[in-house]
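A short write-up of the structure that comes next.
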Amino acid sequence: HVQLVESGGGLVQPGGSLRLSCAASGSIFSIDVMAWYRQAPGKERALVAVINSGGTNYADSVKGRFTISSSRDNTKNTVYLQMNSLKPEDTAVYYCNVATRADYYWGQGTQVTVSS
């Protein structure tokens, strides 16, 4: 089993930056894929970025502005989302997601609001 704790959301002006973090604990050595999704009001949850042993991939809407990365120590595996040049349309609840061969897990979500 994997536990996820997200942090780093908030209010930022257009053009600003935020960094989201998601710390995974528990069965971290079984994790194959880590990703960030977002859900804007009235819209479905959508993939933002994903990272695995093969590299990274991004939604077209965030390419060149967002960067996903990860780090691991003996007790936790952390995935980050560096968000630059933020736009009002990036406003959403952001969720981290990790997948093992047996299951997948969601973080609690963190609100990102881009507004002047």
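The values are calculated or read from the model by the stated rules, or taken from the named source; none is laboratory data. Predicted, not measured: the structure shown is a model, and the values here were computed from it. So basically every Cβ, Gly included, is an ideal-geometry build from the backbone, and we count neighbours across all protein chains shown. With ligands, DNA and RNA removed, areas are computed over all heavy atoms of the protein, side chains included. Shrake-Rupley method; radii C 1.70, N 1.55, O 1.52, S 1.80 Å.
Restricting to the chain, compute how many DSSP beta bridges are antiparallel as a %, nearest 5.
Values: 45 of 48 bridges.
Taking every DSSP beta bridge within the chain, about 95 percent pair in antiparallel fashion.
At a Cα cut-off below 30 Å, give the lysines reachable from K43, other chains included and same-chain residues fewer than 8 away excluded.
K63, K87
Could you please report the charge total around P41, scoring K, R as +1 and D, E as -1 over all other residues with beta-carbon less than 14 angstrom from its beta-carbon?
Summing Lys/Arg as +1 and Asp/Glu as -1 gives 0.
So, taking all protein chains as they sit and a 1.4 Å probe, how much accessible area belongs to I28, in Å² rounded to tens?
Ignoring ligands and nucleic acids, I28 comes out at about 0 Å².
With an 8 Å cut-off on Cα pairs and a minimum separation of 6 or more residues, tell me the relative contact order of the chain in percent.
Relative contact order of the chain: 37 percent.
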